[in-house]
Amino acid sequence: IAASRGHSVVARFDIDNNIDASGLTAENLAGVDVAIEFSVPETVIPNLRRLIELQVPTVVGTTGWYDRIDEIRTLVQAKNAALVYGANFSIGMNLFLRLISQAAELFARYPEYDPFLIEQHHRFKKDAPSGTALAIAGRMRAAYGERTPNAVSVRAGHIPGIHEVGFDSEADTVTLTHNARNREGFAAGAVVAAELIRDKKGFYEFPELLFSE
């Protein structure tokens, strides 16, 4: 995806060359415009701290670290750095999140409709509920408060990702579903985020940049 949009991937870091963020050095990142961080919760914080220290604008797609988000936001601000994070970088999913906010606001006016949230992923996914499901619940919480549904998680086979929000009453059921066919949408959105954060400073959630205009 990056190459198709005219970019060059000049370095790659993984478990073989970046234990405890040791590979993220000024020498290894010389000339890098943006770093895209998709790892696991156990390694994301050391990676982010190092990238922020080195003043490399960063796109973060890893989830499972949001209990430390204030720490990272403070560091970004202190270093005048640039970081954009997202539970899901799919353009379609971010539009879906906007629809969920609007739908929740409408349905919450009618107590006969109970909201529900179901997410499905492949059996290799390590977090449950997904970061995206938590983001969906966050969008619903503004309208539902304590009635915001807990996500029901399914882990099976090779499901790329399905998120379903529904509103059920005795008379009928209304559902909204996002079904990821593959990971291409996530990758494309991450590259778009890299393009948007490259010349900026600050701490952003992806929709803030995606819908800034």
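The values are calculated or read from the model by the stated rules, or taken from the named source; none is laboratory data. Everything numeric here is computed off the predicted structure, so don't read it as measured data. Glycine gets a Cβ as well: all are built from the backbone with ideal geometry, and neighbour counts include every protein chain shown. The accessibility values were calculated without ligands, DNA or RNA, using every heavy atom of the protein model including side chains. Shrake-Rupley method; radii C 1.70, N 1.55, O 1.52, S 1.80 Å.
Cross-link partners for residue 79 among the lysines, with Cα-Cα distance under 18 Å and sequence neighbours closer than 8 places in the same chain left out: 200, 201.
As a test of the definition: which semi-axes, in Å, follow for the stretch 62-155 when you take the square root of five times each eigenvalue of its alpha carbon gyration tensor? Largest first, please.
Numbers: eigenvalues 140, 63, 31 Å².
Square roots of five times the eigenvalues give 26, 18, 12 Å.
Across the stretch 169-181, coupling constants 3J(HN,Hα) worked out from phi with the 6.51/-1.76/1.60 Karplus curve, θ = phi - 60°, read 10, 4, 8, 6, 10, 10, 10, 10, 10, 10, 10, 7, 7 Hz, and Gly and Pro carry x.
Counting only DSSP beta bridges with both residues in the chain, the antiparallel share comes to about 50 percent.
Rolling a 1.4 Å probe over the heavy atoms of the protein chains gives the stretch 1-97 an accessible area of 52 Å² per residue.
Per-atom-type breakdown for the stretch 1-107 gives carbon and sulfur 50% of the accessible area (1.4 Å probe, protein chains only).
Modelled spin labels at residue 67 and residue 106, positioned 7 Å past Cα toward Cβ, are 3.7 nm from each other. Computed over the chain with a Gaussian network model linking Cα atoms closer than 10 Å, the most mobile of 61, 92, 189 is 92. Shape class of the stretch 1-107 from the Cα gyration tensor (axes a ≥ b ≥ c, square roots of the eigenvalues): prolate, since a/c reaches 1.5 or more and a/b is larger than b/c.
How large a share of the accessible area of the stretch 164-213, in percent, is made up of carbon and sulfur atoms when the probe is 1.4 Å and the other protein chains stay in place? If you can, show how the numbers build up before the last one.
On the way: 1280 of 3000 Å².
Of the solvent-accessible surface of the stretch 164-213, carbon and sulfur hold 43 percent.
Over the stretch 132-213, accessible surface divided per residue gives 56 Å², non-protein components excluded, 1.4 Å probe.
A simple spin-label model places pseudo-atoms 7 Å from Cα toward Cβ; at residue 183 and residue 91 they are separated by 2.1 nm.
For residue 40 and residue 158 in the same chain, what is the full-extension length gain: residue separation times 0.36 nm, less their Cα-Cα distance, in nm? Before the final figure, lay out each step's value.
Numbers: separation 118, 0.36 × 118 = 42.48 nm, distance 1.86 nm.
Full-extension gain reported as 40.6 nm.
Set the Förster distance to 35 Å, then compute FRET efficiency between residue 174 and residue 200 from the Cβ-Cβ distance, nearest 0.05. Can you show the working numbers first?
Numbers: r = 38 Å, r/R0 = 1.09.
The calculated FRET efficiency here is 0.35.
Roughly speaking, what is the centre-to-centre gap between the stretch 119-198 and the stretch 17-74 when only Cα atoms are used, to the nearest Å? Using only Cα atoms, the two centres lie 24 Å from each other.
Each label point was placed 7 Å from the Cα along the Cα-to-Cβ direction; for residue 20 and residue 33 their separation is 3.4 nm. Rg of the Cα atoms in the chain, relative to 2.2 N^0.38 Å, amounts to 1.09.
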